[in-house]
1. Which pairs turn up if I take residues in the stretch 38-50 that are touching a residue at least 24 places away in the same chain (Cβ under 8 Å) and look for partners that are polar (S, T, N, Q) and not in a helix (DSSP H, G or I) with beta carbon separation below 7 Å, at least 6 apart in sequence or on another chain?
2. Hey, R177 hits all of (1) of a type in the set (D, E, K, R); (2) in a helix (DSSP H, G or I); (3) touching an Asp or Glu at 6+ places or on another chain (Cβ under 7 Å) but one; which does it fall short on?
3. Sort out which residues of the stretch 180-214 are out of contact with any helix residue (DSSP H, G or I) (no Cβ under 9 Å at 6 or more places or on another chain) and modelled with pLDDT of 95 or more, and write them in order of number.
4. Quick test of your reading of the structure: D101 fulfils all but one of (1) in a helix (DSSP H, G or I); (2) closer than 24 Å to V208 by Cβ; (3) at pLDDT below 95. Name the failing condition by number.
5. Only helices (runs of 4 or more DSSP H) wholly contained in the stretch 1-78 count here; list those with 2 or more residues that are closer than 22 Å to D187 by Cβ.
6. State which residue pairs qualify: first residue in contact (Cβ under 8 Å) with a residue 60 or more places away in the chain and closer than 25 Å to L33 by Cα and inside the stretch 86-109, second residue surrounded by fewer than 16 Cβ atoms within 10 Å (Cβ to Cβ) and charged (D, E, K, R) in any location, beta carbons under 8 Å apart, and separation of 6 or more residues or different chains.
7. Do you know which of the residues in the stretch 63-90 that are closer than 15 Å to T153 by Cβ and surrounded by fewer than 20 Cβ atoms within 10 Å (Cβ to Cβ) is nearest to the chain's Cα centre (by Cα)?
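The values are calculated or read from the model by the stated rules, or taken from the named source; none is laboratory data. Worth saying up front: this structure is predicted, and the values here are computed from it rather than measured. Glycine gets a Cβ as well: all are built from the backbone with ideal geometry, and neighbour counts include every protein chain shown.
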Amino acid sequence: MTDDRVLLITGASTGIGAATARQGVAAGWKVALGARSEDKLKDLASELGEDKALAQACDVTEFEDLERFTAATLERFGRIDAVFANAGYGAARGFLQEDPDQWRSMVLTNVLGVAFTIRATMPHLRERGSGHFVVTSSVAGRRALPGSLYSSTKWAVTGMAESLRQELRQDEGSKVRVTVIEPGMVDTPFFDNRPTGALEADDIARIVLFTLEQPDRVDINEILVRPTSQPI
C-alpha cells in the first residue's frame, strides 16, 4: 500500500472518529477531519501533523458544509479513497423523554447526516470506480430498544448502507465497497457517565482499518461487535 491514501472522517473530533484518525495516520493514511468542534479538530490535526491531516469545521446536517469539506479535501490531497460517515449522537430512551427539538437534531445528524456525507463524496468515488464507504450504525440498529428513537435512527443507517451497496453494484466494473459497523457499548463521550466493561474507541478504529486494508476483491458489508460482557 502507498502512503498517499486519503480517509475522510465525520465526527472526527472525539471518540471513534479521533481514534480512527490516529490509527489511520499510523497506518500510512492521510486524514480529512470534519466535525462541529473546530478547536478540537485543529488540536487533533496538529497532533497528527499538518502534512497528514486537514481540519475542517463541518455540520453534517448542512449539505453545503459537506460539499465544502469534500472540496477542501480534494484540493488539499487530490483524492479521497475512503469515507467514514461516523458523526452521530444519542438520546434518553422513552417517547415521553427528551425535548422534541433534541430529537430533531439527532435524527438530522444520525440519518440525514449520513445521507449527505454519501451524496457529497459519492461523485468522486464513483468517477474513480474504487474506494470505500464505512458508516457507523449500532447494535441498536440490529435490535429494537424500548422507547428508543436513537435505535430507530440506527436501523435507518443500517438499511442505508445496504441500499448504497446495491446501488454501487449497478455500476459496471465499480470496486467501491460499503461497510456498516455496528458497535455495542463503547466508552466514548457519547455517554455522560463512563460505562464499565465497554469497548474502547480504539477497538472500533482497528475494525475500521481492518476493513479498509482488505484486497479490492473483498467487500466486508457488515460487522456487529459487542463487548464480551454485553448480553444482548
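1. That search, which allows pairs on different chains as well, returns K40/S13; K40/T14; L41/S13; L44/S13.
2. Condition not satisfied by R177: (2).
3. Going through the stretch 180-214, the residues out of contact with any helix residue (DSSP H, G or I) (no Cβ under 9 Å at 6 or more places or on another chain) turn out to be 191-199, 207, 210-211, 213-214.
Once the filter is applied, which keeps residues that are out of contact with any helix residue (DSSP H, G or I) (no Cβ under 9 Å at 6 or more places or on another chain) and modelled with pLDDT of 95 or more, the stretch 180-214 yields I207, F210, T211, E213, Q214.
4. Of (1) in a helix (DSSP H, G or I); (2) closer than 24 Å to V208 by Cβ; (3) at pLDDT below 95, only one is false for D101: (2).
5. Values: elements: 15-26, 38-48, 63-77.
So the answer is 15-26, 38-48.
6. none
7. The initial filter retains those residues of the stretch 63-90 that are closer than 15 Å to T153 by Cβ, namely 85-90.
Now narrow it down to the ones that are surrounded by fewer than 20 Cβ atoms within 10 Å (Cβ to Cβ): 89-90.
Details: Y89: 12, G90: 15 Å.
Only one residue tops the list, namely Y89.
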